[in-house]
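Asks: Let me begin by handing over the structure; questions about it come next.
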Amino acid sequence: MRATRMLMFQLIRLVLLLAAVSIITFALISVSPIDPVQAYIGADMLRVGEEQRAAIAAYWGLDQPPIERFLHWLKAIVQGDMGTSMIYREPVLEVIKDRFAHSFVLLLAAWLLSGVIGFAAGSLAAMKQGTWIDRVIQWYCYALSSTPAFWAGLLLLIVFTVWLPIFPVGLAVPAGVSAEQVTWLDRLYHMVLPAITLSLVGISNIALHTREKLLEVLGSDYVRFARARGEQGFLLWRRHGARNIMLPAITLQFASFSELFGGAVLIEQVFSYPGLGQATVEASTRGDVPLLMGIVLFSTLFVFVGNAIAEWIYRLVDPRIKEGYRHET
Amino acid sequence: MTLLDIRDLSISFAMYDRWLRQTTQPVIQSLSLSLEAGEIVAVVGASGSGKSLLAHAILGLLPQNASVAGEIMFEGKPLTAAALSKLRGSKIALIPQSVQYLDPLMTVGKQVEQAARIGQPKALRQSIFRSFRLPEGAAKLYPFQLSGGMARRVLVSTAAVSGARLIIADEPTPGLDEAVIQETLRIFQDLSASGAAILFITHDLAAAAQIADRVAVLREGRLVDISPASSFAGMGEALSHPYTRALWQALPQHQFIEAVGWNDEA
Amino acid sequence: MRRSVYIRICVAAVLLLLPLLLAALLSSDRLATQLDQRNLAPGLEHLFGTDWLGRDMFTRTMKGLALSIGVGFLAAVASGLIAGSLGLMAATLGKTVDRIITWLIDLCLSVPHLVLLLLISFVLGGGVKGVVVAVALSHWPSLARLMRAEILALKASEYVLVAKQMGRSAWWIATRHMLPHLLPQFIVGTLLLFPHAILHEAAITFLGMGLSPHQPAIGIILSESMKYLSTGMWWLAFFPGLCLFVVVRAFDMLARSLYQFVDPARFQR
């Protein structure tokens, strides 16, 4: 019963959120000085006459007042039509689906990598609190959080493609090879550097958080008692440390989808990786309004899903909540 | 044979105030106390008198900003950090104050079994649970699901299964009904009869006088008096120290006399 | 402990002022195209080397840093003011206002930060104005939430309640009891926004939003350097990024060190 109620509640929240985001985005774009027709035509501006301009505007529905355009757009969205991307000349939904498929693997790899490394580093730092290991890890984390992600990507590019040419310069697949011939190994090979760079973005956050939480746990009465029973070192960490910091760490990792997406935008640009992040940059620099709005909504959904999963994990795993519910019913 | 010998122990805490100036806060001052094997010594004091810190100091579990002076000897050897890491849980066991001291995310049965150092953990845990009248189903519960009395018995079981020579019981009785208190005290007597020394830290002077061999009174971090338990009789005529006598006379079962600075934590 | 905090604050301050000073001192002549000085590796004459037009990278980097620090400063202060006033409003103007502002905070945090930045600077048509407004409008939520929580906690705190019972006026309580506690929190909170503001300014200029290619901004320098990476001109990307890193790190260190004074309890461990 409670589970369905929670799900319903989340769905209602999601609908309200998406509605609010789309209204605000639409309002922002309507008052913007950017002329989408000009953005669409680009450099060919001079050769296009007034009539052609009007035709293009009519084609995109730009000649109608904003409210009407919004309602029109909303109606289309509810029917699953997010409009057509001006740059890619394809339905927005198709572009997003296609691009996200590329980004998804990259995001997943980086997400797992940063989670595992961050958790391990944070645990180690806390267990060795005050030692040089702790200091090095902390220093490294603070340094990482001050490092522009795209600069880290550039450095890795210089080192691993120019000086030691062991990785390809970019793109998701080898150039000049038809889609059928691309193996998953090719894809993996092209993904290594971007994934490593993207994981750097998340590591420091999760590591510092894990360290903080573990220190809290290590200072708790139940760890003091565990120590009184003779537990120490790895055994203590495994029995009481890991168990108690795992949930908050996983939750944080799911709640970090926002930074992850932002990181992907930068990293895909550096590595010319044809994912959704690159499409975001294209859409905003070249004024592809339908695509940009689609991406804003999609990325909002992405962040929401991360947070919703975090809520569910707590609900399903933490015995204090799980068993508590069972006793109530 | 002297099992535990505390000589001139002082504990203080370093603190930083708003502008990062360092200040020190003394909590225990030049405390000396010794325990023979098979003996029960009660340390009685109000909350804030530094009782729990004494327990943590013996086990080497004080927070990092605490500094300790003085000497603690166990079986004639100094209790250094290295010695402690071998003795904790096997020769010295702690019975902590509250259910807060149990891992919230682990079933209590598992936690008791992990404390076992002699014999087969599960069988040991089961027999201890039986003798404490804890249902077998309790082993599958998480700490937050235990009632106050059950939690207390679980905490005592962790020490009972360890087979330790020295048991430090930190406030094991509050919140229990009279029958369970009596049972807990009986368990302590059984444990000491089998040769274990028990340092019984409490604010319950009546319970202390009932089972202890000697009663030490702690006030504001200083040990003011150590008297044999036999002196706690009648109106306390045999007690030499006025503070101790006042405490004894202030107990509800005696006539009510205004106690000296006695703040019960209940 | 106290001394090392002072030292850190001084080091950070010097690292922040240095690029501003150098940017003002270095002549713009060194930014002119000098075809005989093209693609030089770092040396005594050109500390950070030169680019494909013979421009001195050291001068470009320092001027870019000065611009970044300026933009970051403006944006962070604006963001801090937004956060402070919204936090204050949420905590004092009743339930409805509080609900609206809390909802606004959640809304802002529900869109990926960088997407929000790109959207706002796109809507404003780019330029320095677009970048400053975008960074200012996207960084306030966390600080606003903190300020709101702090004020609510203070309002419920014992000494404020006692002051109220003693018949002190709202103004007296606000200036004597709340301000001395809130102001340092607010200033340090705003300072902590700087590093983020600078990083995000660099990020969106790197992505091609905002500043024109003629302005020596770190983001643009790095974006341009991408074309020359394969030629082995590592210095084009290395030094400007390193300087950006040092500035961001210095800001972060400064803010954290000051935080230690404001809230020592957090740093007891």
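The values are calculated or read from the model by the stated rules, or taken from the named source; none is laboratory data. The model shown is predicted, which means the values in this text are computed figures rather than measured ones. Here the Cβ is made from the backbone with ideal geometry for all residues, glycine too, and neighbour counts use every protein chain on show. All accessible areas refer to the heavy atoms of the entire protein, side chains included, with ligands and DNA or RNA removed. Shrake-Rupley method; radii C 1.70, N 1.55, O 1.52, S 1.80 Å.
Asks: Please work out the ratio of the alpha-carbon Rg of region B:122-188 to 2.2 N^0.38 Å and round it to two decimals.
Replies: Region B:122-188 yields a ratio of 1.06.
Asks: On to the next question. Assuming R0 = 60 Å, what is the FRET efficiency of C:SER85 and B:ALA233, from their Cβ-Cβ distance, to the nearest 0.05?
Replies: Given R0 = 60 Å and the Cβ-Cβ separation, E is 0.25.
Asks: Oh, and also: Please report the antiparallel percentage of the DSSP beta bridges confined to the protein assembly as shown, to the nearest 5. The partial results should precede the final answer.
Replies: Numbers: 29 of 48 bridges.
Around 60 percent antiparallel, to the nearest 5.
Asks: Let me confirm one metric for peptide B:92-105, namely the mean number of other chain beta-carbon atoms within 10 Å of its residues' beta-carbons.
Replies: 5
Asks: Across the Cα atoms of chain B, what radius of gyration and what greatest pairwise Cα-Cα distance (Dmax) are found, in Å?
Replies: Spelled out, the Cα radius of gyration and Dmax of chain B are 18.7, 56 Å.
Asks: Give the longest segment of chain B that steers clear of chymotrypsin sites (Phe, Trp or Tyr not before Pro) in DSSP loops with at most 12 neighbouring Cβ atoms within 10 Å, not counting the sites themselves.
Replies: Within chain B, the longest run free of exposed chymotrypsin sites (Phe, Trp or Tyr not before Pro) spans B:20-255.
Asks: If I model a spin label at A:GLN10 and C:LEU161 as a point 7 Å from the Cα along the Cα→Cβ vector, what separation in nanometres do I get?
Replies: Rounded to a tenth, the inter-label distance reads 3.8 nm.
Asks: Residues of A:277-288, mean number of Cβ from any other protein chain within 10 Å of their own Cβ, rounded to a whole number?
Replies: Mean shielding by partner chains, rounded to a whole number: 4.
Asks: Using a 1.4 Å probe and ignoring any ligands, DNA or RNA, find the accessible area of C:LEU192 and quote it in Å² to the nearest 10.
Replies: My reading of the accessible area for C:LEU192 is about 50 Å².
Asks: Further, regarding this structure: A 27 angstrom limit on the alpha carbon distance is what I want to check against. Which of C:LYS95/C:LYS164; A:LYS75/A:LYS97; B:LYS51/B:LYS122; B:LYS51/C:LYS164; A:LYS97/C:LYS227; A:LYS128/B:LYS86 exceed it?
Replies: B:LYS51/B:LYS122; B:LYS51/C:LYS164; A:LYS97/C:LYS227
Asks: Can you pull the accessible area of B:ASP225 for me, 1.4 Å probe, Å² to the nearest 10?
Replies: Spelled out: B:ASP225, probe radius 1.4 Å, area about 20 Å².
Asks: Which of the aspartates and glutamates could a cross-linker span from B:LYS77 if the Cα-Cα distance has to be under 20 Å and same-chain partners fewer than 8 positions apart are dropped?
Replies: B:ASP5, B:ASP8, B:GLU36, B:GLU39
Asks: Which net charge results for the neighbourhood of A:SER103, defined as the other residues with beta-carbon distances under 12 angstrom from its beta-carbon, given Lys and Arg at +1 and Asp and Glu at -1? Mind showing how you got there, number by number?
Replies: Values: positive: A:LYS97, A:ARG99; negative: A:ASP98, A:GLU268.
So the surrounding residues net to 0.
Asks: Considering only protein heavy atoms and a probe of 1.4 Å, how much of the accessible area of region C:167-269 is carbon and sulfur, as a whole percent? Don't skip to the end; give the middle numbers.
Replies: Values: 2680 of 4050 Å².
Here carbon and sulfur together make up 66 percent of the probe-accessible area.
Asks: In whole percent, and with a 1.4 Å probe on the protein chains, what portion of the accessible area of region A:194-329 is carbon and sulfur?
Replies: Here carbon and sulfur together make up 59 percent of the probe-accessible area.
Asks: Another one. Among B:MET15, B:MET235, B:MET73, whose mean-square fluctuation peaks in a Gaussian network model of chain B (Cα, cutoff 10 Å)?
Replies: Among B:MET15, B:MET235, B:MET73, the largest mean-square fluctuation in the Gaussian network model of chain B belongs to B:MET15.
Asks: Roughly how large is the C-B contact in terms of buried accessible area, totalled over both chains, probe 1.4 Å, nearest 100 Å²?
Replies: Buried: approximately 800 Å² between B and C.
Asks: A further question on this structure: With a 1.4 Å probe and every protein chain left in place, work out the accessible area per residue of region C:4-93 in Å², rounded to a whole number.
Replies: 49
Asks: Using only the alpha-carbon atoms, what does chain C span along each of its principal axes? Please give whole angstrom values in decreasing order.
Replies: Principal extents (largest minus smallest coordinate, Cα): 79, 46, 31 Å.
Asks: Right, something else. Taking chain C as a Gaussian network, Cα atoms linked when under 10 Å apart, which of C:MET253, C:MET226, C:MET166 shows the biggest mean-square fluctuation?
Replies: Of C:MET253, C:MET226, C:MET166, the most mobile in the Gaussian network model is C:MET166.
Asks: For chains A and C, what's the summed buried accessible area, probe 1.4 Å, to the nearest 100 square angstrom?
Replies: Summing both chains' loss of accessible area gives about 3700 Å².
Asks: Tally the DSSP beta bridges in chain B and give the antiparallel ones as a percent, rounded to 5.
Replies: Rounded to the nearest five, the antiparallel share is 60 percent.
Asks: While we're here: Which of the residues in region A:210-255 lose at least 50 Å² of accessible area when you go from the chain alone to all protein chains together (probe 1.4 Å)?
Replies: So the qualifying set is A:ASP221, A:TYR222, A:ARG224, A:PHE225, A:ALA228, A:ARG229, A:ARG239, A:ARG243.
Asks: I'd like the carbon and sulfur percentage of the solvent accessible area for region C:1-100, probe radius 1.4 Å, heavy atoms only, ligands and nucleic acids excluded. Before the final figure, lay out each step's value.
Replies: Working: 3730 of 5390 Å².
Taking all protein chains in place, region C:1-100 shows 69 percent carbon and sulfur surface.
Asks: Just the number please: accessible area per residue for chain B, 1.4 Å probe, all protein chains included, in Å².
Replies: Heavy-atom accessible area per residue stands at 42 Å².
Asks: So what's the gap between the Cα centers of region A:259-318 and region B:94-130, to the nearest angstrom?
Replies: One Cα centre to the other: 48 Å.
Asks: Using a Förster radius of 22 Å, what is the FRET efficiency between C:LEU146 and C:LYS95 based on their Cβ-Cβ separation? Nearest 0.05, please.
Replies: For C:LEU146 and C:LYS95, the calculated efficiency is 0.65.
Asks: Summed for both chains, how many Å² of accessible area, to the nearest 100, are buried between A and B with a 1.4 Å probe?
Replies: Working: alone 19180 and 12840 Å², together 29720 Å².
Summing both chains' loss of accessible area gives about 2300 Å².
Asks: Taking only the C-alpha atoms, wrap a convex hull around the protein assembly as shown and report its volume per residue in Å³ as a whole number. Don't jump to the answer; show the numbers that get you there.
Replies: Values: hull volume 196.8 nm³, N = 864.
Spread over its residues, the Cα hull of the protein assembly as shown gives 228 Å³ apiece.
Asks: Which residue fluctuates most in the GNM of chain C (Cα springs below 10 Å): C:ARG148, C:ARG256, C:ARG99?
Replies: Evaluated over chain C, the most mobile residue of the options is C:ARG99.
Asks: Can I ask one more? Count charges around B:PHE232 for me, please; just the other residues with Cβ under 11 Å from its Cβ, Lys/Arg as +1, Asp/Glu as -1.
Replies: That works out to +1.
Asks: Related question: In region C:239-264, which residues become less accessible by 50 Å² or more once every protein chain is in place, relative to the chain on its own, using a 1.4 Å probe?
Replies: Buried on complex formation: C:PHE245, C:ARG249, C:PHE261, C:PRO264.
Asks: Restricting to DSSP H runs of at least four residues, report the calculated mean residue ellipticity at 222 nm for chain C, -39500 (n - 2.57) per run over all residues, nearest 500 deg cm²/dmol.
Replies: Counting only the DSSP helices, I get -24500 deg cm²/dmol.
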